[in-house]
Each structure stands twice: as structure tokens, then as C-alpha cells.
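Here is the structure we will look at, set down as C-alpha cells.
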Amino acid sequence: MVDAQKHVVRLLQMFEVSLRTGEYRARAEFAARLAEMVAAGTDYADTLRSLSRVEGMEDFALRLMWCAERAAGIPDESTAERICEYEIENLAHALAQAPKLTTPESEHGPGLRPRDLGSSVTHFCSSVAAVQREAFRGEEFLGTRRATMQALALDAERLRAAAAAERNEDVERFGRAFGGFLEYILAQNLLSDVRVVNLIENASLTLQTAIETLGADDYDALHQTTLLLEHPVTLLEQHRSREEGI
């Protein structure tokens, strides 16, 4: 049985990825923020009910509520992912009916604002932690899902954009390098490589430490991590050598 709240969050995250691919920026931002609200809320159903009362959003909200109700009948996570892939087209059709999100002049959906750098870092690190939790069952490595890594790549892009807005060149370069690293991982289909999860977890920790301490040494470590992320082949080989004790 699949948890309804997690199912809706997964569906919205996969929906966001599909929208980014299609360059529907406003709709993608809306889906991302809604996924955050659903994930953080103690009563996600109330969030969806509130959305259903927004003019033009009725069909979209009802579709999500329908998906949530049927989550209990989904036998496992792999089936849930296939259902999400199927539902994306239905959500796209429903969201297209919302006039406030279809105008090209609207950079953000109704009530949406870009995150500041602090909240972007927090969200990014939380997303990396979620990848780590998904990848392991106890000490057994299970690998990562493509949709999860694509969603993390979008979080890296949001981090880069927030850093650029606040003129933090160090974090902006890190976000760009991290996104490029994930593009390489996806292109090479390295989702079953445990080194990938270890590396992104270490990179996230380095970023978080640099932001929290603002120390010169910590920013030097961030620079070094960024440089390594910009050269994924070299980074993976170095990590393999350390594991083998070479």
C-alpha cells in the first residue's frame, strides 16, 4: 500500500520535471511549490481542498484528490511511479485550464515567489537527504530513481538562481556545477552507482557548512568541491581510487 501524501508529492515532482522539459516555467514553479506545501502540511487534503476553491484550479485540484484517494490500492512503489507517469498528461490538461498560469507574461504562478538563498539551501540539502534515504534500506544500497534525480537537478537550478539573485557567485557556481554533475549521471545512467549518492551527500554537507559558518576555510572547501563537480569523470575515478585504497 502506498502512502497517499507521498504519492501526491511524487506525482507533483514528476509533473514539475515534465513541465521544465517543455519550458513551462510558471507551471513548473507552481507544481514545485505545491509539492512542498503538500509534503510539509499535516493535513495535505485541506491544502488540495483550498486549491479547489481557487478560480480555474478546480479540475486540477480534484484530479490530485482523486489520485490521493486511490493511492491505498497501489501495491508497490514501482507501480506508483508508472501511475504517476500516466497521470502527468491528465494533470497537464487540467492545469492548462487555469488562466493565471497560461499567460506567458506570468513568470510565477498565483501566490508564488522565488525562494531566498537561505531557504533554497535548506530545501536543496533536504532533497539530497531524501535521495540518500531512498537509496538505502538499512545498509543495503537500492539505487536511485531517475525522477528523483531529475527533481534534485531542478532544486540545484533553483539554488543557482537564488544565489545569482543575491550575487553569491560561490554558491551560484556550485549550483551550476552540481546540476551539470547530475546531467552527466543521468546521461550515463549511473543511478545504480553508490558513489553518486555518496558524492552528492558530501557536496551537500560542504555547501551547508560553508553557508552556516561563513569561514574562509569552509568556502575554500566549497570551491574545491565545485571544481570537482565540474569534472564528473575525474571525480568519479578519484572516488573509486579512494574506495580501493589506491
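The values are calculated or read from the model by the stated rules, or taken from the named source; none is laboratory data. These numbers come from a predicted model, not from an experiment. No Cβ is skipped: glycine too gets one built from the backbone with ideal geometry, and neighbour counts run over all protein chains shown.
Every condition in (1) in contact (Cβ under 8 Å) with a residue 24 or more places away in the chain; (2) in contact with a helix residue (DSSP H, G or I) (Cβ under 7 Å, 6 or more places away or on another chain) holds for Ser192 except the one numbered (2).
Only one of these is assigned to a helix (DSSP H, G or I), under 17 Å from the mean Cα position of the chain (by Cα) and not assigned by TED's automatic domain parsing to the domain that holds Leu19: Ala151, Ala164. Name it. Exactly one of Ala151, Ala164 is assigned to a helix (DSSP H, G or I), under 17 Å from the mean Cα position of the chain (by Cα) and not assigned by TED's automatic domain parsing to the domain that holds Leu19, namely Ala151. The condition of being at pLDDT below 90, outside any loop (DSSP other than H, G, I, E, B) and either within 17 Å of Tyr219 (Cβ to Cβ) or assigned by TED's automatic domain parsing to the domain that holds Ala31 (or both) holds for Leu159. Please pick out the residue among Glu230, Glu134 that is surrounded by fewer than 20 Cβ atoms within 10 Å (Cβ to Cβ) and either at pLDDT 90 or above or among the β-branched types (Val, Ile, Thr) (or both). When all the criteria are applied, what remains is Glu230.
For every residue, the table says whether it meets (1) touching a Leu at 6+ places or on another chain (Cβ under 9 Å); (2) part of a helix (DSSP H, G or I); (3) of a type in the set (Phe, Trp, Tyr).
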residue: Arg49; (1), (2), (3): no, yes, no
residue: Arg63; (1), (2), (3): yes, yes, no
residue: Cys67; (1), (2), (3): yes, yes, no
residue: Pro75; (1), (2), (3): no, no, no
residue: Ser78; (1), (2), (3): no, yes, no
residue: Ile83; (1), (2), (3): yes, yes, no
residue: Tyr86; (1), (2), (3): no, yes, yes
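Restricting to segment 31-69, and then to whatever is surrounded by 14 or more Cβ atoms within 10 Å (Cβ to Cβ) and among the basic types (Lys, Arg), can you tell me which residue is modelled with the highest pLDDT? Restricting to residues being surrounded by 14 or more Cβ atoms within 10 Å (Cβ to Cβ) and among the basic types (Lys, Arg), the top hit is Arg63. Within segment 92-103, is even one residue under 23 Å from Asn168 (Cα atoms) and either of a type in the set (Lys, Arg) or at pLDDT 70 or above (or both)? Among the residues of segment 92-103, not one is under 23 Å from Asn168 (Cα atoms) and either of a type in the set (Lys, Arg) or at pLDDT 70 or above (or both), which makes the answer no. Residues that are in contact (Cβ under 8 Å) with a residue 12 or more places away in the chain and in contact with a His (Cβ under 7 Å, 6 or more places away or on another chain) are absent from segment 158-166 altogether. For the condition part of a helix (DSSP H, G or I), more than 17 Å from the chain's Cα centre (by Cα), among the charged types (D, E, K, R) and modelled with pLDDT of 90 or more, what is the one hit in Arg195, Arg176? Among Arg195, Arg176, only Arg195 is part of a helix (DSSP H, G or I), more than 17 Å from the chain's Cα centre (by Cα), among the charged types (D, E, K, R) and modelled with pLDDT of 90 or more.
For the condition within 22 Å of the chain's Cα centre (by Cα), closer than 26 Å to His123 by Cα and without any contact (Cβ under 8 Å) to a residue 60 or more places away in the chain, Tyr24 qualifies.
Conditions tested, residue by residue: (1) in contact with an Asp or Glu (Cβ under 8 Å, 6 or more places away or on another chain); (2) charged (D, E, K, R); (3) surrounded by 17 or more Cβ atoms within 10 Å (Cβ to Cβ).
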| residue | (1), (2), (3) |
| --- | --- |
| Leu154 | yes, no, yes |
| Glu166 | yes, yes, no |
| Asp170 | no, yes, no |
| Glu183 | no, yes, no |
| Val196 | no, no, yes |
| Asn202 | no, no, no |
| Leu207 | no, no, yes |
| Glu212 | no, yes, no |
| Ala221 | no, no, no |
